[in-house]
Amino acid sequence: MKENNVSFSKLYSIKKSSDGQTAIQEVPQQAGLSALPSLARRNENVSIRLGNHAGGRLQVTSSNGSIVRQMPIQEGQSSVQLNTRGLSAGMYVVSTVNKDGTHENCKIVIR
């Protein structure tokens, strides 16, 4: 028997009015920055989906705060391949830094 691993995530907003009424509404999720696989081996390619990106750079920061990789990304580019060659085992924060100063983050772990 084949097992399918499917996961879903939804965000909800809970608002309470002054008269004590509570309203729960689903919050639409924007396509944000993500990495697949988020748990990778050394010398493996990780596909970084850029989400709502407006041009700028991609940077990889180690757990001690050092920027260990940077690469330019073009406006409208939807993904980047990041090779983990040269990265030590540990957790890293992958960030997009847009030209307007906004940024998004996701995490990857190298084992």
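Which distance in Å, rounded to a whole number, links the C-alpha centroids of region 14-93 and region 95-110? For region 14-93 versus region 95-110, the Cα centre distance is 6 Å.
Taking the fewest neighbouring Cβ atoms within 10 Å as the starting point, the ordered list for 47, 18 is 18, 47. Listing 19, 100 from fewest to most neighbouring C-beta atoms within 10 Å gives 19, 100. If the chain linking residue 81 and residue 109 were pulled fully straight, counting 0.36 nm for each residue of separation and taking away their Cα-Cα distance, it would gain 8.5 nm.
Counting only DSSP beta bridges with both residues in region 31-110, what percent are antiparallel, rounded to the nearest 5?
Just about 95 percent of them are antiparallel.
The distance between label points at residue 23 and residue 66 comes to 5.1 nm (points 7 Å beyond Cα on the Cα→Cβ vector).
Close amide-amide hydrogen proximity is noted between residue 73 and 56, 57, 58, each under 5 Å apart and 5 or more residues distant or on a separate chain (H modeled in the peptide plane; Pro and chain starts excluded).
Using 1/(1 + (r/R0)^6) with R0 = 41 angstrom and r between the beta carbons of residue 97 and residue 41, what's the FRET efficiency to the nearest 0.05?
The value I calculate is 0.95.
Where a number appears in this text, it was derived from the coordinates with a stated rule and is not lab data. It should be emphasised that the depicted structure is a prediction, and the values quoted were computed from it without experimental measurement. Note: ideal-geometry Cβ built from the backbone for every residue, glycine included; neighbour counts use all protein chains shown.
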